[in-house]
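The next block holds one structure in the form of structure tokens; read it before the comments.
Derivation of every value follows stated rules applied to the coordinates shown; laboratory data play no part. On a predicted model such as this, the values are computed, not experimentally measured, just so you know. Neighbour counts run over all protein chains shown; Cβ positions are idealised from the backbone, glycine included.
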Ligand SMILES: Cc1cc2nc3c(=O)[nH]c(=O)nc-3n(C[C@H](O)[C@H](O)[C@H](O)COP(=O)(O)O)c2cc1C
């Protein structure tokens, strides 16, 4: 059994990577036979879908597969064989990061068919989850319509991999080690650090529970 976490943050030790590591740790604690992998997208050179449609060409040699060849080609080939995939991204301007979006275009578009009810060419059912980390608090992100916005990609992934995606959102994250060094008047370092000390351990615990659920028999 294998679970893969995909980090869509440029920071290898940031909020998103930390939460993803807890998801993997939770899976491992639940079953020590589980293989875990953490992929840092920003270490690869790649683009989003180039709309070549080779993945949809009748009798084409790349039918159902991404024909673009770059650094993420081996990852795209292997990932649909995992038993669980966790996509983690910081929120940049109310969206997934561009790198995560490009990655998802490449992963999901080839297995998405232009047929009645939008079919799937995924080789098997895979449990998926989306982990978001963001500066905003829960009430503000809800007021800004984030859940509805993110739900679109979650439902595509859940539909294509045959099981609805799970979601874990982590709010009010700490961005800087020392807020006094940066021009930043809208966030209070004291309030952020207080929230971090009390809520982040709970979020890490939720991440471990998510990891255990994703690999449960
Ligand atoms: C370019 C950029 C844009 C951002 N836009 C938003 C945003 O629209 N909403 C939000 O809540 N946080 C925003 N943030 C804050 C990050 O989402 C947040 O700090 C996140 O937890 C960082 O994750 P990381 O530590 O894994 O990199 C932004 C950060 C950056 C660098």
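Of the residues making up the stretch 120-129, those that are closer than 29 Å to residue 19 by Cα, in a loop (DSSP other than H, G, I, E, B) and touching a residue at least 40 places away in the same chain (Cβ under 8 Å) are 122, 123, 124, 126.
Consider the stretch 68-94. How many of its residues are within 15 Å of the ligand (Cβ to nearest atom) and surrounded by fewer than 15 Cβ atoms within 10 Å (Cβ to Cβ)? Even if it seems obvious, please write down each step before you answer.
Pass one, the stretch 68-94, residues within 15 Å of the ligand (Cβ to nearest atom): 86-94.
Narrowing the set further to residues that are surrounded by fewer than 15 Cβ atoms within 10 Å (Cβ to Cβ) leaves 93-94.
So the answer is 2.
Checking the structure you have, find out if any residue of the stretch 153-176 is loosely packed, with under 13 Cβ neighbours inside 10 Å, within 12 Å of the ligand (Cβ to nearest atom) and more than 22 Å from residue 39 (Cα to Cα). Yes, because at least one residue in the stretch 153-176 is loosely packed, with under 13 Cβ neighbours inside 10 Å, within 12 Å of the ligand (Cβ to nearest atom) and more than 22 Å from residue 39 (Cα to Cα).
Look through the stretch 130-149, keep the residues that are in a strand (DSSP E or B) and within 11 Å of the ligand (Cβ to nearest atom), and return whichever of them is farthest from residue 91 (Cα to Cα).
Looking only at the stretch 130-149, we keep the residues that are in a strand (DSSP E or B), and these are 130-133.
Next cut, within 11 Å of the ligand (Cβ to nearest atom) only: 131-133.
Details: 131: 10, 132: 7, 133: 6 Å.
Checked the stretch 130-149; the qualifying residue farthest from residue 91 (Cα to Cα) is 131.
Among the criteria (1) closer than 22 Å to residue 100 by Cβ; (2) more than 16 Å from the chain's Cα centre (by Cα); (3) within 11 Å of the ligand (Cβ to nearest atom), the one residue 187 does not fulfil is (1).
Looking at the stretch 151-196 only, could you name the residues that are touching a residue at least 40 places away in the same chain (Cβ under 8 Å), in a helix (DSSP H, G or I) and within 16 Å of residue 19 (Cβ to Cβ)?
The initial filter retains those residues of the stretch 151-196 that are touching a residue at least 40 places away in the same chain (Cβ under 8 Å), namely 153, 156-157, 159-162, 166, 168, 170, 173-175, 187.
Narrowing further to those that are in a helix (DSSP H, G or I): 153, 156-157, 159-160.
The answer is none; no residue qualifies.
Number of residues in the stretch 22-55 that are touching a helix residue (DSSP H, G or I) at 6+ places or on another chain (Cβ under 8 Å) and either crowded, with 16+ Cβ neighbours inside 10 Å or at positive phi (or both) equals 17.
Residue-wise test of (1) more than 14 Å from the ligand (Cβ to nearest atom); (2) under 23 Å from residue 215 (Cα atoms); (3) more than 13 Å from the chain's Cα centre (by Cα).
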position	(1), (2), (3)
9	no, no, no
25	yes, yes, yes
29	yes, yes, yes
41	no, yes, no
46	yes, no, yes
50	yes, no, yes
54	yes, no, yes
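Every listed requirement among (1) touching a helix residue (DSSP H, G or I) at 6+ places or on another chain (Cβ under 8 Å); (2) more than 16 Å from the ligand (Cβ to nearest atom) is met by residue 198 save one, (1).
The residue that is nearest to the chain's Cα centre (by Cα), counting only those in the stretch 103-119 that are part of a helix (DSSP H, G or I) and over 19 Å from residue 9 (Cα atoms), is 108.
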